[in-house]
Amino acid sequence: VTQFRIDGPTLTLRLPELEDAPAIFALAADPEVTRWFSWGPYRDVADAEAWLAQLPGQRERGEELALIAERGDQAIGVYGLNELSRRDRRCMLGFWLGRRFWGSGAHAEGVAVAAALAFTALRMGRLGAYTNVENARSAASLQRAGFRREGTLRAWHRHGDAVHDVHVFGLLRSEWEASELGRVAVQVHGRPPAAFVMSA
Ligand SMILES: CC(C)(COP(=O)(O)OP(=O)(O)OC[C@H]1O[C@@H](n2cnc3c(N)ncnc32)[C@H](O)[C@@H]1OP(=O)(O)O)[C@@H](O)C(=O)NCCC(=O)NCCS
C-alpha cells in the first residue's frame, strides 16, 4: 500500500512519524517559530514526541490532519488541516516552517500543495486560515497565495491567560481553480485519511 503523501515540484507533504521527533523538536525549539501559537517553544524532544503520538487519533477522528513538509529528505515544517465541517465542505489551514526556511520559497509551495490536497483529494469547497492580527508575515503570505482577508474575529484564540484577535482568510474552490496556486503541479499518492475526504 502506497503511503499517503502529496508531492509538489520541490516539496512533499507526508504523514508524520514518531521518528520525526528530533527534527520537529529542533525546528520548534525556536521561540520565533512558535511566537504566534498557543504552544511552544519546545523545551525537550519529549514535547515533540507527545505531539506526534496523538496525531493518529486526531486524524482518525477528523480533528487534525498534520503533515510534515519535507524538502530533499529533510523535515522543514508542518502544514495542517483542522476545524473540518463535513456539511459545509470546509476546513482551516495552519502552517509553520523552521526559521532558516523562511523566505526560501518553500512556504509558497507548501500552501499550493496543501490547497491542491484540500480541493482535489479531499473535495473541499473552501479553505480558511487564521492569523494573529499582528502576524503580518503570515497574512502577507496568504494574500500572496490568493486568499482573501474576510474579517477580524475578536478574542478568538486563548494562549494561557492572554486572549488574541485574529484575521480570518478564505480561499474558495472557484478562486483556487482560477489562481496561480491552482496551476502548481502537484501529485497525490496513496489514499488520504478517510475522515478528511468529503463525499462525492
Ligand atoms: C508564516 C511562514 C510559514 C511564512 O513563510 P515565509 O517563508 O516566512 O514567507 P515569505 O518569505 O514568503 O513571506 C511572506 C510575505 O511576508 C512578507 N514579509 C516578510 N516579513 C514581513 C514583516 N515583518 N511584515 C510584513 N510582511 C512581511 C514577505 O515580503 C512576503 O510577502 P510577498 O510574498 O508579498 O513578498 C513563516 O514565516 C513561519 O513559519 N512563521 C512562524 C509561524 C507562523 O507564524 N505561522 C502562521 C501562523 S497563522
Requested in this report: Provide Rg over Rh for the chain; use the alpha carbon set for both Rg and the Kirkwood Rh (inverse mean inverse pair distance).
Outcome: 0.93
Query raised in the report: Once amide H atoms are built 1.01 Å from N in the peptide plane, which residues 5 or more positions from E64, or in another chain, come under 5 Å H to H?
Result: R59
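Over all directions, what mean area does the Cα convex hull of the range 2-70 project, stated in square nanometres?
Computed as one quarter of the Cα hull surface, the answer is 5.5 nm².
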Requested in this report: Please list the non-local residues whose amide H lies under 5 Å from the amide H of G125, H modeled 1.01 Å from N, same-chain partners needing a gap of 5 or more.
Outcome: R90
Query raised in the report: Using the scaling law 2.2 N^0.38 Å as the reference, what is the normalised Cα Rg of the range 48-141?
Result: 1.10
Report task. Determine the share of the chain's accessible area contributed by carbon and sulfur atoms, expressed in whole percent, with a 1.4 angstrom probe. Result -> 48
Query raised in the report: Taking θ as phi - 60°, what are the ³J(HN,Hα) couplings along the range 2-14 by the Karplus curve (6.51, -1.76, 1.60), each to the nearest whole Hz, with x for Gly and Pro?
Result: 6, 5, 5, 7, 10, 9, x, x, 10, 9, 10, 9, 9
Query raised in the report: Given H placed 1.01 Å from N in the peptide plane, which residues other than close sequence neighbours of W156 have an amide H under 5 Å from its amide H?
Result: H164, D165, V166
Query raised in the report: Tell me, what is a quarter of the convex hull surface for the C-alpha atoms of the range 96-172, in nm² with one decimal?
Result: 5.8
Query raised in the report: Rounded to the nearest whole Å², what accessible area per residue is found for the chain with the 1.4 Å probe?
Result: 52
Query raised in the report: Okay, helix-only estimate at 222 nm for the chain: each DSSP H run of n ≥ 4 adds -39500 (n - 2.57), divide by all residues, round to 500 deg cm²/dmol; what do you get?
Result: -7000 deg cm²/dmol
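The values are calculated or read from the model by the stated rules, or taken from the named source; none is laboratory data. In this text, all values refer to a predicted model and were calculated from it rather than measured experimentally. Remember, those area values only see protein heavy atoms, side chains included, never the ligands or the DNA or RNA. Shrake-Rupley method; radii C 1.70, N 1.55, O 1.52, S 1.80 Å.
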